[in-house]
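Reviewing the structure listed below.
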Amino acid sequence: MVEQVLAMDKSHGFIVNSFYELESTYVDYWSQKIGPKAWCVGPLCVAKPPSAAVREKLLYMQWLDGKFAEDEPVLYVSFGTQAKLSPEQLHEIATGLEKSQHKAVKGFLSHCGWNSVMESLSANVPILAFPMMAEQHLNARLVVEETGLGLRIMPSNGSVRGFVAAENVEKMVKEFMEGEKGKAVRRKVEEISDVACAATEEGGSSWRSLNFLIDDVCRKRYSQSYSHSSKIGELLDSCERQDLHAVRSK
């Protein structure tokens, strides 16, 4: 971690898998007040979508298409690959989900890893946040409190970290699927999804940011090369003057 901080401090900037419209306030503040400059070039998950031929070969995509055609509900649940749930917590989540089944369920019950957030918003899928570790709590706060693109299941003890009871899961899933807050979230996600996909297209904010990054790096390399050449030229001139002086002295 220390090495990363030191390396970033010496860097000209860093590339971010996000898009400016999602967190413009924070991007501007970081670039202007903290630094180094942040270059938003995402969402990378929509930069090159899989081809139709690839999608046809995926069994889970065929299964999802079948559920969609039959108008059957699907709530995608994923907590990433690093965090571990206790058997007791897993049981509570399963119980809450079972009690909250409804034909209108749509969304992503997520740990709020950043890649998952980008993929969900780009696919026009609202997020029901269940953060567990690392920066996931900050991501959940951005999604729920700052942008209104999701809802959050809170622990039973009233804090932001802790055990979540089945009743909390059931309550929030029901609000997420049929409550007014859930409807508001879906409207906002639909809007931001279009913006996210447009960001990486030609002329979009991330497309422009990447081009600015390339231009800036090339300009700095040219400047450094010119400065280096100038120093070499000055050194050669100095050597020539010294040689000339030596000849005249003789």
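Could you go through the range 59-80 and let me know if any residue there is modelled with pLDDT of 85 or more, closer than 25 Å to LEU142 by Cα and surrounded by fewer than 17 Cβ atoms within 10 Å (Cβ to Cβ).
Within the range 59-80, one or more residues are modelled with pLDDT of 85 or more, closer than 25 Å to LEU142 by Cα and surrounded by fewer than 17 Cβ atoms within 10 Å (Cβ to Cβ).
Give me the residue from the range 1-25 that is touching a residue at least 12 places away in the same chain (Cβ under 8 Å), closer than 22 Å to THR200 by Cβ and among the small types (Gly, Ala, Ser) and, out of that set, surrounded by the fewest Cβ atoms within 10 Å (Cβ to Cβ).
GLY13
Only one of these is surrounded by 14 or more Cβ atoms within 10 Å (Cβ to Cβ) and within 15 Å of PHE108 (Cα to Cα): GLU190, GLU178. Name it.
GLU178
Those residues that are surrounded by 15 or more Cβ atoms within 10 Å (Cβ to Cβ), modelled with pLDDT of 90 or more and out of contact with any Asp or Glu (no Cβ under 9 Å at 6 or more places or on another chain), I need them from the range 134-153; list them, please.
GLN136, HIS137, ASN139, ALA140, ARG141, VAL143, VAL144, GLY148, LEU149, GLY150, ILE153
Residues checked against (1) touching a residue at least 40 places away in the same chain (Cβ under 8 Å); (2) of a type outside the set (Gly, Ala, Ser); (3) in contact with a Ser or Thr (Cβ under 9 Å, 6 or more places away or on another chain); (4) over 14 Å from PHE79 (Cα atoms):
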| position | (1), (2), (3), (4) |
| --- | --- |
| PHE108 | no, yes, yes, no |
| PRO126 | yes, yes, yes, yes |
| LEU138 | no, yes, no, yes |
| GLY162 | no, no, yes, yes |
| ALA166 | yes, no, yes, yes |
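What are the residues in the range 26-58 that are assigned to a helix (DSSP H, G or I), at pLDDT 75 or above and either exposed (fewer than 11 other Cβ atoms within 10 Å of the Cβ) or aromatic (Phe, Trp, Tyr) (or both), if any?
TYR26, TYR29, TRP30, GLN32, LYS33, ILE34
Residues of the range 81-133 being more than 20 Å from CYS197 (Cα to Cα), at pLDDT 85 or above and either part of a loop (DSSP other than H, G, I, E, B) or within 18 Å of the chain's Cα centre (by Cα) (or both), which ones?
Scanning the range 81-133 gives LEU85, SER86, LEU109, SER110, HIS111, LEU128, ALA129, PHE130, PRO131, MET132, MET133.
Which of the residues belonging to the range 151-170 are in contact with a helix residue (DSSP H, G or I) (Cβ under 8 Å, 6 or more places away or on another chain) and either over 15 Å from CYS112 (Cβ atoms) or among the aromatic types (Phe, Trp, Tyr) (or both)?
The answer is SER156, PHE163, ALA165, ALA166, GLU167, ASN168, VAL169, GLU170.
Within the range 100-120, is there a residue that is aliphatic (A, V, I, L, M), surrounded by fewer than 16 Cβ atoms within 10 Å (Cβ to Cβ) and in contact with an Asp or Glu (Cβ under 9 Å, 6 or more places away or on another chain)?
yes
Restricting to the range 178-193, name every residue that is touching a residue at least 40 places away in the same chain (Cβ under 8 Å) and under 24 Å from the mean Cα position of the chain (by Cα).
GLY182, VAL185, ARG186, LYS188, VAL189, GLU190, ILE192, SER193, listed by residue number.
One residue is enough: does the range 117-125 have a residue meeting the conditions under 18 Å from GLU92 (Cβ atoms) and among the small types (Gly, Ala, Ser)?
No, that holds for no residue.
The values are calculated or read from the model by the stated rules, or taken from the named source; none is laboratory data. If you're wondering where the values come from, they're calculated on a predicted model, not measured in any experiment. For neighbour counting, all protein chains shown are included, and Cβ atoms are generated from backbone atoms with ideal geometry for every residue, glycine included.
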